[in-house]
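Structure record follows, encoded as structure tokens.
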Amino acid sequence: MRITVTVNGEQHTGDVEPRLLLVHFLRDELGLTGTHWGCDTSNCGVCTVWLDGTPVKSCTVLAVMADGHEVRTVEGLAHGAELDPVQQGFIACHGLQCGFCTPGMMMTARWLLDHNADPSEEDIREAISGQMCRCTGYENIVRSVRWAAEHGGGRGTADAGTEPAPGREEPVPGREEVRA
Amino acid sequence: MQVPAAFQYERATSLEQAIELLARYGPEARVVAGGHSLLPMMKLRLAQPEALIDINDLSELALIRVDGHDLAAGAMVRHADLLASPVVGEHFPILRDAERVIADPLVRNRGTVGGSLCQADPSEDLSAAFSALRATLVAQGPGGRRTIAIREFFLGPYETALNEAELLVEIRVPIRSHASAYRKVERRVGDWAVVAAGAVLEISGGVITEAGIGLTAVGAPRFVSEQAEDFLRGGRPDDEAFAEAGRIAAQECRPTADQRGPVDYKRHLAGELTTRALRAAAARAQGQEA
Ligand SMILES: Cc1cc2nc3c(=O)[nH]c(=O)nc-3n(C[C@H](O)[C@H](O)[C@H](O)COP(=O)(O)OP(=O)(O)OC[C@H]3O[C@@H](n4cnc5c(N)ncnc54)[C@H](O)[C@@H]3O)c2cc1C
Ligand code: FES
Ligand code: FES
């Protein structure tokens, strides 16, 4: 099938099999290897990209489903030579540990800050809860996102304020602990 | 690397066309909504449809609206939209509670309400929540539209009352004075339920006039405990009644042992979570946020 996908503002056309997953289209067909690919089971979130402005796991989207749509990957995060505040935060706070989960984490962080300029630690943890980091943990990642918020990264590059914030500060009421 | 088996792909531009395509490709065709249940199954070759009919362009199915006295949610409403909807939050706290603990924000951005119900996974959270609410499902096929009471929709694991070439288009719940809550235990954030329970209470003059008890992941018949509902109806909404309703629900369900836990533990959870959901709903009825 012939598909045309706008990736980071540029149109790409290619012939793909319907069963090709978006993550492999980005990596193998377009050579955009910043988007990583890990668990294959929709659990780890390292393959996170934006589809029409919303972060999704690209190992669970068919490339043909993105035909005519817009994708943004980590390669589209910097503004020319200037790194996005989220990228700067990951450098400043050592949020980038081995780097494997980093691209997905940064895509979610950018989206969070676009919708919630001043996220609490809990908001950040909730936002990245579908993403796994196998390195020393999430502390530095959370700090990196806070750093970005405090250094102009929370200004909101998208239509901030028009949508409800993805993270909320209240405890999650539906989640219970029960011991037998 | 997990790769689905080959299939044909068609993108529907209208509901009528989606139904036509389903009818044309026959029993081996499937619609794909968010794909977050179907694609993982196809990657594992647990499902091998010959054709996928993509319904993501059917924006008319992506609306949440108030229609007369009903809340009407289109089948293509994403989990994230149901969670963010102020109407849903105001009238159906049970749905908001449930959505907050379904998967993770990324999966919720893509997975749909209709896909969740049509998947009919025995651990689906929305199946229990909408069953407790006694929702009505609107289906459309080559023969036109019909409505199905949700308690007649689930025929068994992964099996629904939808006919061939029939689509779920809308989920409707009457907006009425009631209190509700949903409580879940999972192994880790974003995981399927070990057990979860939802409670819906209509109270008038200090008496329970109607109750809905939804249960997931414990083999409750059609995701509900009718015996607990029967027990509650006509009684007082107090702790004693809620504890007894929990005991009845625990007895009525049929959990199986798996990596999420042994039968006894799940039964214990079913009772405890039913009681807690009822207490939380009752607290909300008195204006206390629970
Ligand atoms: C990592 C992960 C964690 C998850 N955790 C949870 C959880 O905790 N709780 C929970 O409840 N769910 C959970 N889910 C499931 C997720 O919520 C469902 O995948 C999703 O809601 C299903 O919707 P979908 O739109 O992706 O459906 P799809 O995968 O597109 O479709 C599922 C099935 O329904 C059929 N279908 C879809 N729409 C229609 C329609 N309108 N008419 C007729 N048939 C239709 C399809 O043909 C297919 O058979 C999880 C999923 C993942 C990947
Ligand atoms: S590779 Fe996509 S979620 Fe793990
Ligand atoms: S930085 Fe290594 S997996 Fe997260």
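Please treat every number below as a calculation from the coordinates, not as lab data. Keep in mind it's a predicted model, so treat the numbers as computed, not measured. Please note: Cβ atoms are built from the backbone with ideal geometry, for glycine as well, and neighbour counts cover all protein chains shown.
Of chain A, which part is the longest with no GluC sites (Glu not before Pro) in a loop (DSSP not H, G, I, E, B) and with at most 13 other C-beta atoms within 10 angstrom?
Details: sites that count: A:Glu169, A:Glu177.
Here the longest run is A:1-168.
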Stokes-Einstein, Kirkwood over Cα pairs, region A:2-76, 20 °C, 1.002 mPa s; D in µm²/s equals 181
Taking only the alpha carbons of region A:57-104, the radius of gyration and the largest Cα-Cα distance, Dmax, both in angstrom, are 13.6, 38
From the gyration tensor of the Cα coordinates in region B:8-54, what semi-axes in whole Å does the equivalent ellipsoid have, largest first, with each one equal to sqrt(5λ)? 19, 12, 7
Cα-based convex hull volume of region B:59-174 per residue, rounded to whole Å³: 98
Spread of Cα-to-Cα distances over 10 Å intervals beginning at zero, given as percent, for region B:95-145: 21, 52, 21, 5
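Would you work out if region B:1-113 is rounded, prolate or oblate? Take a ≥ b ≥ c from the square roots of the eigenvalues of the alpha-carbon gyration tensor; rounded if a/c is under 1.5, else prolate when a/b is larger than b/c, oblate otherwise. Don't jump to the answer; show the numbers that get you there.
On the way: a/c = 3.12, a/b = 1.52, b/c = 2.06.
Here region B:1-113 falls in the oblate category.
When a/c is below 1.5 the answer is rounded, else prolate if a/b is larger than b/c, else oblate, so apply that to the protein assembly as shown with a ≥ b ≥ c taken from the square roots of the Cα gyration tensor eigenvalues. Please list the in-between numbers first.
On the way: a/c = 1.88, a/b = 1.33, b/c = 1.41.
Oblate.
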State which stretch of chain B is the longest one without any exposed trypsin sites (Lys or Arg not before Pro), exposure meaning a DSSP loop state and at most 14 other Cβ atoms within 10 Å. B:46-175
With an 8 Å Cα cut-off and a minimum separation of 6 or more residues, compute the relative contact order for chain A in percent. 21
Mean separation of Cα contacts under 8 Å, 6 or more apart, over the residue count of chain B: relative contact order %: 15
Over chain A: Kirkwood hydrodynamic radius from C-alpha pairwise inverse distances, Å: 16.8
What whole-number volume per residue, in cubic angstrom, does the convex hull of the C-alpha atoms of region B:179-285 give? 82
Can you compute the FRET efficiency between B:Tyr158 and A:Leu83 using 1/(1 + (r/R0)^6), with r the Cβ-Cβ distance and R0 = 51 Å? Round to the nearest 0.05. 0.65
Computed on Cα atoms only, the convex hull of chain B has an orientation-averaged projected area in nm² of 14.8
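I'm a student and want to see the number: the projected area of the Cα convex hull of region B:60-120, averaged over all directions, in nm².
Numbers: hull surface 16.5 nm².
Seen from a random direction, the Cα hull of region B:60-120 projects 4.1 nm² on average.
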